[in-house]
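Q: Pasting a structure here, questions to come.
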Amino acid sequence: MKIKQVEELVGITRKNIRFYEDQRLLNVARAENGYREYHQADVDRLMEIKLFRKMDISIEEMKALFEKK
């Protein structure tokens, strides 16, 4: 799916999505043309990130949590 769909599903901006990618909290697959291809697992991860941010869990703490999975 495209980033616009992900924005609508999760309720966060593409800027935030790209930030989480830059922070290595989200690893999005790329198509042959180089475009990002978002899957349900990416949406699920972003929903987790959104929840953790509401709980004031830091980026570093999230990284540690996700590494344990």
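The values are calculated or read from the model by the stated rules, or taken from the named source; none is laboratory data. This one's a predicted model, so the numbers in the text were calculated from it and none came from an experiment. Methodologically, a virtual Cβ is constructed for each residue, glycine included, from the backbone with ideal geometry; neighbour enumeration extends over all protein chains shown.
Q: So which pairs qualify, if the first residue must be in the stretch 51-62 and more than 17 Å from Val10 (Cβ to Cβ) and hydroxyl-bearing (Ser, Thr, Tyr), the second must be in a helix (DSSP H, G or I) and at pLDDT 95 or above, the Cβ gap must be under 9 Å, and the two must be at least 6 apart or on different chains?
A: Qualifying pairs under 9 Å: Ser58/Phe52.
Q: Now for a separate question. When only residues in the stretch 32-69 that are of a type in the set (Lys, Arg) and part of a helix (DSSP H, G or I) count, which is surrounded by the fewest Cβ atoms within 10 Å (Cβ to Cβ)?
A: Step one: filter the stretch 32-69 for residues of a type in the set (Lys, Arg), giving 36, 45, 50, 53-54, 63, 68-69.
Right, trim to part of a helix (DSSP H, G or I) and you get 45, 50, 53-54, 63, 68.
Numbers: Arg45: 21, Lys50: 15, Arg53: 15, Lys54: 8, Lys63: 12, Lys68: 5.
If we take residues in the stretch 32-69 being of a type in the set (Lys, Arg) and part of a helix (DSSP H, G or I), then Lys68 is surrounded by the fewest Cβ atoms within 10 Å (Cβ to Cβ).
Q: Just to be sure I understand, how many residues within the stretch 10-31 are touching a helix residue (DSSP H, G or I) at 6+ places or on another chain (Cβ under 8 Å), surrounded by fewer than 15 Cβ atoms within 10 Å (Cβ to Cβ) and not charged (D, E, K, R)? Steps first, answer last, please.
A: Here is the first cut: in the stretch 10-31, the ones touching a helix residue (DSSP H, G or I) at 6+ places or on another chain (Cβ under 8 Å) are 10-14, 17, 20, 23-28.
Checking the rest, the ones that are also surrounded by fewer than 15 Cβ atoms within 10 Å (Cβ to Cβ) come to 11, 13-14, 23-24, 27.
Narrowing the set further to residues that are not charged (D, E, K, R) leaves 11, 13, 23, 27.
The total comes to 4.
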